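Undergrad: Can you keep this structure in mind? I'll have questions shortly.
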Amino acid sequence: MIYYKSAADLEGIKKSAELLSRVHGEIAKLIVEGVTTKELDKRAEEFIRDHGAVPSFYNYNGYPASLCISVNETVVHGIPSNYRLKSGDIVSIDCGVYMNGYHADCAYTYPVGEVSAHVMELLKVTKQALYEGIAQVAPGKRIGDIGYAIQSYVQARGFSVVRELVGHGVGKNLHEDPQVPNYGKRGTGAKIQNGMVIAIEPMINMGKREVVHEADGWTIRTKDRKPSAHFEHTVALYNNKTEILTTFQYIEQIFKF
Ligand code: MF3
Ligand code: CO
């Protein structure tokens with residue numbers, strides 16, 4: 001069942017989204033060769049709690065951290081560890097914030113040091129794919145239009161779309177209906193209507209689309225071990241206007257690509 005948001009709900013989600021965007025800005029400052037992914041997680045948790053909020057992911061179905069940190073062939077749900085980032089890596093930072101009863105959800109993938117031109121292309125295409133999806137959030141459109149836009153943009157550029165994980169409604173719960181696949185057919189799925197708040201989150205692989213689950217019960221990686229990228233925004237339709245509630249502006253002040 002889809003929960004359509006009131007003006008008050010939207011205000012609540014916006015506050016969480018603003019703090020979440022600032023969390024990403026804090027973490028962006030720390031993305032350097034040699035930092036451990038655990039150090040990034042610790043900073044995020046501290047920043048969130050210092051601002052009177054709670055990390056949405058912490059303890060979600062038993063998840064043991066505040067961030068999902070997914071390096072190179074890890075697609076999503078990488079658990080922070082003692083791994084040290086090195087030049088040539090890409091690293092996805094996915095975070096959720098819960099404050100005053102509302103969640104927001106956002107992810108960004110960074111290059112570390114020097115990465116190859118092909119990997120840089122993967123990051124740029126995945127980020128733009130997110131915005132191609134967001135452009136479909138409009139009255140009269142359907143959820144399938146989002147997936148179609150993302151899939152066609154990505155495949156035309158030689159990359160592949162992960163099917164096993166999808167975007168989602170977000171609000172009082174981290175994951176609400178509807179599911180928002182990053183692939184699909186135009187004109188199918190639920191109608192996009194005022195009051196909908198959804199997290200759109202393309203997960204895009206350089207090689208084949210297949211993924212496998214690691215034995216830790218969380219980590220999902222590409223089957224062919226080629227790199228994967230992930231970007232995510234929380235987006236609303238309200239009063240026939242599309243609003244991107246999270247922003248990469250704090251990241252992009254520090255990281256310019
Ligand atoms: N960020 C994921 C999503 O976008 C959720 C992480 S699952 C968790 O839906 F368990 F780590 F929280
Ligand atoms: Co999400």
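What follows is calculated from the coordinates using simple rules that are stated; it is not laboratory data. What you see is a predicted model; the values in this text were computed from it and never measured. Here Cβ is always computed from backbone atoms with ideal geometry, including for glycine, and neighbour counts include all displayed protein chains.
Undergrad: How would THR234, THR36 line up from fewest to most surrounding beta-carbon atoms within 10 angstrom?
TA: THR36, THR234
Undergrad: About the Cα centre of the stretch 1-120, what is the dipole size in debye to 20, counting +1 per Lys and Arg Cβ and -1 per Asp and Glu Cβ, all else neutral?
TA: So the dipole magnitude of the stretch 1-120 works out to roughly 140 debye.
Undergrad: Figure the gain on full extension for ASN173 and GLN155 (residue separation times 0.36 nm, minus the Cα-Cα span) and round it to one decimal in nm.
TA: Length gained, ASN173 through GLN155: 3.3 nm.
Undergrad: Once you list every other residue whose beta carbon is under 14 Å from the beta carbon of ILE48, what net charge do they have if Lys and Arg are +1 and Asp and Glu are -1?
TA: -3
Undergrad: Please work out the FRET efficiency for the pair LYS241 and ARG163, using the Cβ-Cβ distance as r and a Förster radius of 30 Å; give the result to the nearest 0.05.
TA: Approximately 0.45, to the nearest 0.05.
Undergrad: For the stretch 27-165, what relative contact order do you get, as a whole percent, if you take Cα pairs closer than 8 Å and at least 6 residues apart?
TA: 18 percent
Undergrad: Continuing with the same structure: Please state the charge dipole magnitude for the chain, taken about the Cα centre, from unit charges on C-beta atoms (+1 on K and R, -1 on D and E), reported in debye and rounded to the nearest 20.
TA: Dipole of the chain, to the nearest 20 debye: 600 debye.
Undergrad: log10 I(q)/I(0), Debye, Cα-only the chain, no solvent, q = 0.08, 0.15 Å⁻¹?
TA: Per q value, in the given order, log10 I(q)/I(0) is -0.27, -1.03.
Undergrad: Now, a different point. Which of LEU122, ALA149, VAL32 sits farthest toward the positive end of the charge dipole of the stretch 7-252, with +1 on the Cβ of Lys and Arg and -1 on the Cβ of Asp and Glu?
TA: My answer, from the dipole projection, is ALA149.
Undergrad: Hey, another quick one. Please work out the C-alpha center-to-center distance from the stretch 14-46 to the stretch 118-170 and express it in whole Å.
TA: That distance is 24 Å.
Undergrad: Can you sort SER6, SER70 from fewest to most other Cβ atoms within 10 Å of each residue's own Cβ?
TA: Going from sparsest to densest Cβ surroundings: SER6, SER70.
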